[in-house]
Amino acid sequence: MSDAVAQGLARLFERHRLVFWSDRQRELRGDFEALALDGVEKLELSNNEFGLKHRLLREQPEQKFLLYREGPQPDDPHNWLLDLQLAHGEFSADQVSIWLSELGLGREFEEVTRACTPFFRSAQRRRGLKSMLEADDGPAQAREKMVAVCAGSAPRIDSVVEALLEELAADGDAKARLISRCGLEEFLWERMERHYGYRSGEPGVRDFAIGLFKFCYAEAVGGEAGSGGEGFRREAEVFFKRWKDSRQHADSFMKLSEMCAEVLGVEQDLAARDFRDLLEVDYFRLIDQKIIGDLARTVEERTANAGEVSSWIRSRRQGPWHEEYCHLYAAIRHAARFMQALTEAELEMISLAEGVERYCGAWYRIDQLYRKFVFHARAAGQASLLDGLHEEIENRYSNQFLLPLGDRFSEFVDATDWWGASDICAQSEFFTHWVAPFLQKGNRICVIISDALRYESAEELARRIRSEDRYAAELEPALSMLPSYTQLGMAALLPHKALEIAANDSGAVLVDGRSSQGTANRKAILQQAVGERATALLADKVMVMTGPDCRAWVQRHDLIYVYHNRIDATGDKRDSEALVFKAVEDTFDELILLMKKLAGANVNNLLVTADHGFLYQHRPIDESDFSAGEPIGREVLVRNRRFVLGRGLSPSLSLHTFKSARLGLRGDVEIQLPRSINRLRRRGAGSRFVHGGATLQEVVVPVIRVNKKRRSDVRQVDVEVLGDSGGRITSGQLAVRMYQAQPVTDKARPRVLRAGIFDATGQRISDSHEFAFDIRSDNPRERELAVRFVLSRGADEANGQDVFLRLEEKVAGTSHYKEYKSLRYIMQRSFTTDFDF
């Protein structure tokens with residue numbers, strides 16, 4: 001304030017030697033005492049007028065004086081200095097005048113200033129108001145901006161309300177109390193009524209929040225707003241949806257949603273509703289819980305198909321609680337697909353080879369969907385919501401898939417004279433069939449061996465690789481060695497003439513008479529076969545290399561074997577076997593990073609394979625799943641859950657028995673495997689994750705050919721708005737259907753768009769929606785998406801004009817959006833649409 005006083009006085013002293021300052025309200029003594037003007041002497045008038053008059057006129061006739069009087073002036077007959085006061089300048093400055101001067105406001109703002117004196121007493125608030133004021137603002141606009149200053153928000157009613165709701169969510173009321181203390185409360189609630197239709201006998205932020213939630217929920221489910229929700233307009237719904245969808249206000253929205261749900265009795269209301277009527281409503285966490293519970297029962301009871309379930313779940317993806325419940329939704333989606341795939345599966349085969357072919361063509365999908373269901377159900381951390389569905393999936397997987405498939409395939413395992421399947425490459429031929437052709441052409445080749453990466457997991461990995469820009473991946477099956485355990489599978493992938501299981505209790509495998517245990521021995525075998533430019537290394541060691549070191553290492557070699565072990569290391573331990581499906585997901589990420597690192601070091605040709613697959617059942621194994629027979633023989637060398645090595649092993653009806661030669665091995669070690677999916681009892685070992693036997697899940701191993709291309713080969717799907725441009729909008733809403741033109745594939749990526757209706761000036765006049773177009777279905781009808789836009793009051797000003805439905809896409813790596821598509825409409829609303837009935 002002192003600056004404003006000083007500036008006003010300085011202007012007066014440019015024209016007058018004497019300036020009289022009357023502080024009638026006794027408010028400005030501090031400013032007077034603090035004031036310092038060059039060449040001006042300050043004097044206070046306090047019953048000393050006669051003496052001062054002599055000084056002013058006779059003693060110092062050239063000196064400039066500031067004459068300050070506190071309180072009212074004396075009557076003219078008693079004012080000894082009246083003649084001087086009339087002849088010279090007078091500074092009339094009460095507190096309000098100074099504030100108006102400081103803010104550059106005219107006398108028309110005096111009433112506002114006097115009514116809201118507590119607001120102006122703060123220099124910080126005055127500065128905030130001054131920064132918002134515009135030249136054409138009137139008293140009403142000033143009040144709006146004063147409210148915004150108190151709320152610490154932008155000078156718009158929606159921003160003020162957002163700030164007050166955020167404070168309410170934090171259990172505070174300082175901003176609301178400041179608005180009241182500054183005399184702005186009545187004005188605020190008048191504006192709230194004008195903009196949103198909010199009326200209440202006891203207006204308040206909490207009362208407004210409850211009424212807003214009640215109104216919008218009733219609008220969404222077709223109910224009645226009831227007490228506390230009367231009077232709200234469409235504008236309130238537009239505000240609510242934008243506030244709900246704002247990342248900035250997500251926490252405050254969710255906290256107030258919880259509070260309002262309890263006050264409004266939402267849980268009791270939801271109990272009687274069909275979840276299908278709630279799919280587009282995401283105002284309360286309880287709605288997601290209701291939908292998840294009912295969806296799980298629907299899938300369990302098989303009263304909806306997988307396409308319907310996927311569509312319902314897709315409609316929940318933009319909700320505030322989707323991230324919290326995404327694993328539960330994913331588990332239900334995969335459960336529905338699992339049920340459908342199992343129903344469609346015909347688990348019949350006429351030979352061992354056909355069994356392998358049909359597994360690679362379709363049956364693997366059931367294992368994959370089971371894995372995805374278990375992974376997401378476990379990752380959700382709220383398994384109780386899926387108890388019934390989990391039990392149903394486990395029963396069906398074990399009794400309708402694993403057991404009958406294992407039993408049937410076991411018949412052909414028994415019948416084979418020589419372990420193999422026509423048209424399916426044997427694992428023992430891996431090097432000659434897949435690796436040697438690269439070396440013969442003088443091309444560098446890298447082989448990544450991921451322990452226990454079974455075929456169904458590799459199929460998903462191949463899809464993920466193909467979704468990467470410039471990467472191609474082709475998946476083929478191979479038939480693993482028997483028993484399907486690590487030492488034998490790893491040895492079979494090396495160049496060799498003969499493989500032999502060591503006749504001791506180590507389970508080690510000899511490659512042409514040489515031990516194949518450990519990376520060092522495998523490297524030596526590779527170098528013996530192809531020369532010094534062959535090497536082997538653990539994946540962890542490759543990943544810690546710097547870029548230059550990795551490129552130099554690759555440059556020195558033509559053949560590289562890299563060993564990765566996440567799945568088997570997790571599943572083979574009793575304490576961690578329940579985490580094996582999480583290990584599969586981690587493996588996908590790790591292998592893609594590994595491939596990218598090698599590609600960055602100039603490895604363009606990659607093969608990804610595994611030593612064996614595995615069986616896994618998430619729930620504890622039933623007693624019936626253990627083999628009734630026990631291995632007996634002259635010499636039992638190794639005993640595992642799924643295989644036995646020894647000599648002179650006694651035949652058993654519950655066990656397959658093989659000589660080494662029948663399995664393509666040298667030596668006299670005999671092998672026994674439990675039939676179908678049975679396990680052997682073994683103290684201290686896990687029983688849910690097993691391998692070594694002869695089920696399709698264990699013996700069908702993947703080989704993925706990976707190649708990096710020179711040019712980009714990915715694109716995003718196209719999105720269209722169904723219906724012609726140029727249509728008319730005649731009500732307070734606009735319903736449209738959006739269409740994803742192509743299904744998402746490995747090379748056709750999803751597209752995320754934001755949509756809203758805008759006027760010709762670029763102002764949004766509706767609520768806003770964000771959509772992820774990531775549908776993989778080949779059925780065009782399943783790629784349609786219905787959406788309803790609610791118009792704001794701003795649409796009234798565009799009546800009779802062109803407006804635009806604009807689809808926008810985020811610019812990668814920024815917070816900015818660019819236009820993707822725009823459709824023109826004509827706003828043609830009747831005046832009756834302005835009324836709420």
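With a requirement of 2 or more residues that are of a type outside the set (Asp, Glu) and open to solvent by 30 Å² or more (accessible area, probe 1.4 Å), the strands (runs of 3 or more DSSP E) lying completely within segment 692-767 that satisfy it span 700-708, 733-740, 751-758.
Residues that are touching a residue at least 40 places away in the same chain (Cβ under 8 Å), open to solvent by less than 10 Å² (accessible area, probe 1.4 Å) and of a type in the set (A, V, I, L, M): does segment 426-433 have at least one? No - not one qualifying residue is present in segment 426-433.
Here's a check for you: in segment 782-791, which residue that is over 13 Å from residue 311 (Cα atoms) and out of contact with any Gly (no Cβ under 9 Å at 6 or more places or on another chain) is surrounded by the most Cβ atoms within 10 Å (Cβ to Cβ)?
Of the residues in segment 782-791, the ones over 13 Å from residue 311 (Cα atoms) are 787-791.
Still in the list and also out of contact with any Gly (no Cβ under 9 Å at 6 or more places or on another chain): 787-788.
On the way: 787: 15, 788: 12.
Per the criteria, the residue is 787.
Within segment 255-270, residues that are of a type in the set (Lys, Arg) sit with their Cβ atoms under 7 Å from residues that are assigned to a helix (DSSP H, G or I) and surrounded by 15 or more Cβ atoms within 10 Å (Cβ to Cβ), at 6+ positions apart or across chains, in these pairs: 255/169.
Of all residues in segment 271-289, exactly one satisfies the criterion of being touching a residue at least 60 places away in the same chain (Cβ under 8 Å) and among the aliphatic types (A, V, I, L, M), namely 281.
A count restricted to segment 274-290 and to residues that are open to solvent by 70 Å² or more (accessible area, probe 1.4 Å) and either polar (S, T, N, Q) or under 24 Å from residue 256 (Cβ atoms) (or both) stands at 2. The residues listed here are 240, 232, 208, 213; of these, the one that is in a loop (DSSP other than H, G, I, E, B), closer than 23 Å to residue 768 by Cα and either in contact (Cβ under 8 Å) with a residue 40 or more places away in the chain or open to solvent by less than 20 Å² (accessible area, probe 1.4 Å) (or both) is 232. Being over 30 Å from residue 711 (Cβ atoms) and either over 39 Å from the mean Cα position of the chain (by Cα) or open to solvent by less than 40 Å² (accessible area, probe 1.4 Å) (or both) is the requirement here; does residue 555 meet it? Answer is no for this residue. Scanning segment 179-201 for residues that are free of Cβ contacts under 8 Å to residues at least 40 places away in the same chain and either of a type outside the set (Lys, Arg) or assigned to a loop (DSSP other than H, G, I, E, B) (or both) yields 179, 180, 185, 186, 189, 190, 192, 193, 198, 199, 200, 201.
Step by step: first the residues of segment 26-42, then only those that are open to solvent by 20 Å² or more (accessible area, probe 1.4 Å) and among the hydrophobic types (A, V, I, L, M, F, W, C), then the one that is modelled with the lowest pLDDT. Which residue is that? The selected residue is 34. Are any of the residues in segment 647-662 of a type in the set (Val, Ile, Thr), free of Cβ contacts under 8 Å to residues at least 40 places away in the same chain and surrounded by fewer than 18 Cβ atoms within 10 Å (Cβ to Cβ)? Yes, segment 647-662 has at least one match. Pull up segment 97-116, narrow it to residues that are open to solvent by less than 50 Å² (accessible area, probe 1.4 Å) and touching a residue at least 24 places away in the same chain (Cβ under 8 Å), then point me to the one that is nearest to residue 174 (Cα to Cα). This residue is 116.
Residue count for segment 118-138, restricted to those that are out of contact with any Phe, Trp or Tyr (no Cβ under 6 Å at 6 or more places or on another chain) and open to solvent by 30 Å² or more (accessible area, probe 1.4 Å): 12. Within segment 609-626, the set of residues being surrounded by 21 or more Cβ atoms within 10 Å (Cβ to Cβ) and either small (Gly, Ala, Ser) or closer than 18 Å to residue 572 by Cβ (or both) comprises 610, 611, 612, 613, 614, 615, 616, 618.
Output the residue which, of all residues in segment 571-608 that are of a type in the set (Gly, Ala, Ser) and more than 17 Å from residue 368 (Cβ to Cβ), is most open to solvent (accessible area, probe 1.4 Å).
Selected residue: 600.
When only residues in segment 11-25 that are in a loop (DSSP other than H, G, I, E, B) and open to solvent by less than 50 Å² (accessible area, probe 1.4 Å) count, which is nearest to residue 43 (Cα to Cα)? The selected residue is 17.
Residues that are part of a loop (DSSP other than H, G, I, E, B) and either modelled with pLDDT of 95 or more or of a type in the set (Gly, Ala, Ser) (or both) within segment 619-641 comprise 627, 628, 629, listed in sequence order.
Under the condition of being farther than 22 Å from residue 617 by Cβ and surrounded by fewer than 17 Cβ atoms within 10 Å (Cβ to Cβ), the residues counted in segment 388-415 number 2. If you go through segment 413-443 and keep only what is of a type in the set (Phe, Trp, Tyr) and either within 44 Å of the chain's Cα centre (by Cα) or over 30 Å from residue 607 (Cα atoms) (or both), you end up with 430, 431, 434, 438. Counting the residues of segment 80-96 that are surrounded by 19 or more Cβ atoms within 10 Å (Cβ to Cβ), among the small types (Gly, Ala, Ser) and assigned to a helix (DSSP H, G or I) gives 0. Evaluating residue 779 against the criteria (1) under 19 Å from the mean Cα position of the chain (by Cα); (2) in contact (Cβ under 8 Å) with a residue 12 or more places away in the chain; (3) surrounded by fewer than 13 Cβ atoms within 10 Å (Cβ to Cβ) leaves one unmet condition, (1).
Only helices (runs of 4 or more DSSP H) whose full extent lies in segment 100-150 are considered here, and the ones with at least 1 residues that are more than 45 Å from the chain's Cα centre (by Cα) and small (Gly, Ala, Ser) are 110-115. Scanning segment 657-673 for residues that are touching a Phe, Trp or Tyr at 6+ places or on another chain (Cβ under 6 Å) and assigned to a strand (DSSP E or B), we see that the one that is farthest from residue 410 (Cα to Cα) is 671.
Residue 335 passes every criterion in (1) open to solvent by less than 10 Å² (accessible area, probe 1.4 Å); (2) within 30 Å of residue 246 (Cβ to Cβ); (3) in a helix (DSSP H, G or I) apart from (2).
With respect to the stated conditions, residue 514 fails to be farther than 20 Å from residue 671 by Cα, modelled with pLDDT under 95 and either touching an Asp or Glu at 6+ places or on another chain (Cβ under 8 Å) or basic (Lys, Arg) (or both).
Out of the residues in segment 291-317 meeting the condition of being closer than 13 Å to residue 385 by Cβ and buried (at least 21 other Cβ atoms within 10 Å of the Cβ), tell me which one is farthest from the chain's Cα centre (by Cα). Step through it out loud before you land on a result.
So the first thing to find is which residues in segment 291-317 are closer than 13 Å to residue 385 by Cβ, and the list is 291-297, 299-300.
Right, trim to buried (at least 21 other Cβ atoms within 10 Å of the Cβ) and you get 291-292, 295-296, 299.
Working: 291: 20, 292: 19, 295: 22, 296: 22, 299: 25 Å.
It comes out as 299.
With respect to the conditions (1) in contact (Cβ under 8 Å) with a residue 24 or more places away in the chain; (2) crowded, with 20+ Cβ neighbours inside 10 Å; (3) within 30 Å of residue 792 (Cα to Cα), residue 148 lacks only one, and its number is (1).
The values are calculated or read from the model by the stated rules, or taken from the named source; none is laboratory data. Predicted model, so just to flag it, every value in this text is computed and none were measured. Counting neighbours? That spans all protein chains shown, and the Cβs are built from the backbone with ideal geometry, glycine included. For accessibility, only protein heavy atoms count, side chains too; no ligands or nucleic acids. Shrake-Rupley method; radii C 1.70, N 1.55, O 1.52, S 1.80 Å.
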